[in-house]
Amino acid sequence: MGAQFKNYLHLHFIIFIWGFTAVLGKLITLDALPLVWYRMLMAVVLVMGYIRYKKYSLKVSKRMLWALIGAGIVIALHWVTFFLAIKVSNVSIALATMSTGALFTAVIEPFWYKRKMIWYEIVFGIIIMLGLYLIFKVDTQYLYGIIIALVSAFLSALFSMINGKLIQKERPSVISFYELLSGVVLLTIFLGVQGNFNSEFFQLSSNDLFYLFILASVCTAYAFIASVKILKYISPYTVMLTINLEPVYAIVLAYFILGDSEKMDPLFYLGGGIILMTVLANGIMKNKRRFKKPFKR
């Protein structure tokens, strides 16, 4: 319980950082695709430096390598759709919609880990959809951003499932390195085919460069390794449901940093409140189960 509680607190700290990630995505003037390319490239270099410092081996089996490449492609697509949703709507709408990741995970996880479906996971997922419905009613101008965010939420849930198994077999830093590198390679090929690598692509303002470094170091290299490690102690469903607190952290940060552009209709905050209460209820239910029997994935 002690180790698990510490990891749960650590998870909340990481989610707070991810909330700041959304604000950085709005502050950075680059489009979603080059933004993610720079983010992943910088993060790969930083993670590689960490691995060299720790003297970890990068040797993995061929089967593990293919799994890591697949996960890297999923996370790259998740981040591109995530930042695109922020660009076409705002931080509040994009992150609130991301809460559907808990519902996607609740449906996928029992099949993924071959366990029985827990009744309250489905109930909580439906309640989250109710909160999301209230958010949908806020303004139809954000419809495109909501759809893109839904795709991103599904990819996030899928990524969590994949990493939940990979972490049992390899170090978090090694997993992160190969996944980030795979994402960089995928986006590099796509950008190269599109002919986007020109002099303008590599001309970054000092503000964008500074924000990208914070995004790549604190919000990616550190948070990525830490979040993968947490999956050793906390189930993917609990991680995904707790991630629904990200909009709360992000909306508060966005309000103070971005100002009036983040002010929303009261229905939005009602939907957000429903999501928050669901996260708290899940924590209570999980703790009750742990008191009855040892934690099992």
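Give ILE28, ILE69, ILE15, ILE75 a once-over and let me know the one that is buried (at least 16 other Cβ atoms within 10 Å of the Cβ) and more than 19 Å from MET161 (Cα to Cα). Steps first, answer last, please.
Working: ILE69 fails: more than 19 Å from MET161 (Cα to Cα); ILE15 fails: more than 19 Å from MET161 (Cα to Cα); ILE75 fails: more than 19 Å from MET161 (Cα to Cα).
None of the other options fit; the residue is ILE28.
Identify the residue in the range 140-180 that is among the hydrophobic types (A, V, I, L, M, F, W, C) and more than 23 Å from ALA94 (Cβ to Cβ) and, among all such residues, is surrounded by the fewest Cβ atoms within 10 Å (Cβ to Cβ).
Among those residues, the one meeting the criterion is ILE167.
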Legend entry - Qualifying residue in the range 24-47 (condition: more than 30 Å from VAL193 (Cα to Cα), not in a loop (DSSP other than H, G, I, E, B) and not β-branched (Val, Ile, Thr)): no
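Does SER206 satisfy the condition of being buried (at least 22 other Cβ atoms within 10 Å of the Cβ) and either over 19 Å from the mean Cα position of the chain (by Cα) or of a type in the set (S, T, N, Q) (or both)? Give the derivation first.
Numbers: buried (at least 22 other Cβ atoms within 10 Å of the Cβ): no; either over 19 Å from the mean Cα position of the chain (by Cα) or of a type in the set (S, T, N, Q) (or both): yes.
So SER206 does not fit the description; no.
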Inset, instruction - Read through the list (1) farther than 19 Å from ILE75 by Cα; (2) open to solvent by 50 Å² or more (accessible area, probe 1.4 Å), then give the number of the only condition that PHE20 fails. - result: (1)
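I'd like to check something: does the range 168-189 contain any residue that is of a type in the set (Asp, Glu) and more than 20 Å from the chain's Cα centre (by Cα)?
First pass over the range 168-189, keeping only residues of a type in the set (Asp, Glu): 170, 179.
Now narrow it down to the ones that are more than 20 Å from the chain's Cα centre (by Cα): 170.
The answer is yes; a qualifying residue exists.
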Inset, instruction - For residues that are surrounded by fewer than 22 Cβ atoms within 10 Å (Cβ to Cβ) and of a type in the set (Val, Ile, Thr), scanning just the range 124-139, find the one that is modelled with the lowest pLDDT. - result: VAL138
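Report yes if some residue within the range 107-114 is of a type outside the set (Phe, Trp, Tyr), within 20 Å of MET277 (Cβ to Cβ) and modelled with pLDDT under 90; otherwise report no. Steps first, please.
Step one: filter the range 107-114 for residues of a type outside the set (Phe, Trp, Tyr), giving 107-110, 114.
From what is left, the residues that are within 20 Å of MET277 (Cβ to Cβ) are none.
The answer is no; no qualifying residue exists.
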Legend entry - Residue match in the range 103-115 (condition: among the basic types (Lys, Arg) and more than 20 Å from GLY164 (Cβ to Cβ)): no
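Would the range 115-123 turn up any residue that is among the aromatic types (Phe, Trp, Tyr), open to solvent by less than 50 Å² (accessible area, probe 1.4 Å) and in a helix (DSSP H, G or I)? I'd like the intermediate steps shown before the answer.
First, pick out the residues of the range 115-123 that are among the aromatic types (Phe, Trp, Tyr): 119-120.
From what's left, open to solvent by less than 50 Å² (accessible area, probe 1.4 Å): 120.
Applying the additional criterion that residues be in a helix (DSSP H, G or I) yields 120.
Scanning the range 115-123, I find at least one residue that is among the aromatic types (Phe, Trp, Tyr), open to solvent by less than 50 Å² (accessible area, probe 1.4 Å) and in a helix (DSSP H, G or I), so the answer is yes.
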Inset, instruction - Take the range 80-106 and flag every residue that is at pLDDT below 80 and under 23 Å from LEU180 (Cα atoms). - result: LEU95, MET98, GLY101, THR105
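The values are calculated or read from the model by the stated rules, or taken from the named source; none is laboratory data. Bear in mind the structure is a predicted one, so any value in this text is a computation, not a measurement. No Cβ is skipped: glycine too gets one built from the backbone with ideal geometry, and neighbour counts run over all protein chains shown. Only protein heavy atoms, including side chains, enter the accessible area calculation; ligands, DNA and RNA are left aside. Shrake-Rupley method; radii C 1.70, N 1.55, O 1.52, S 1.80 Å.
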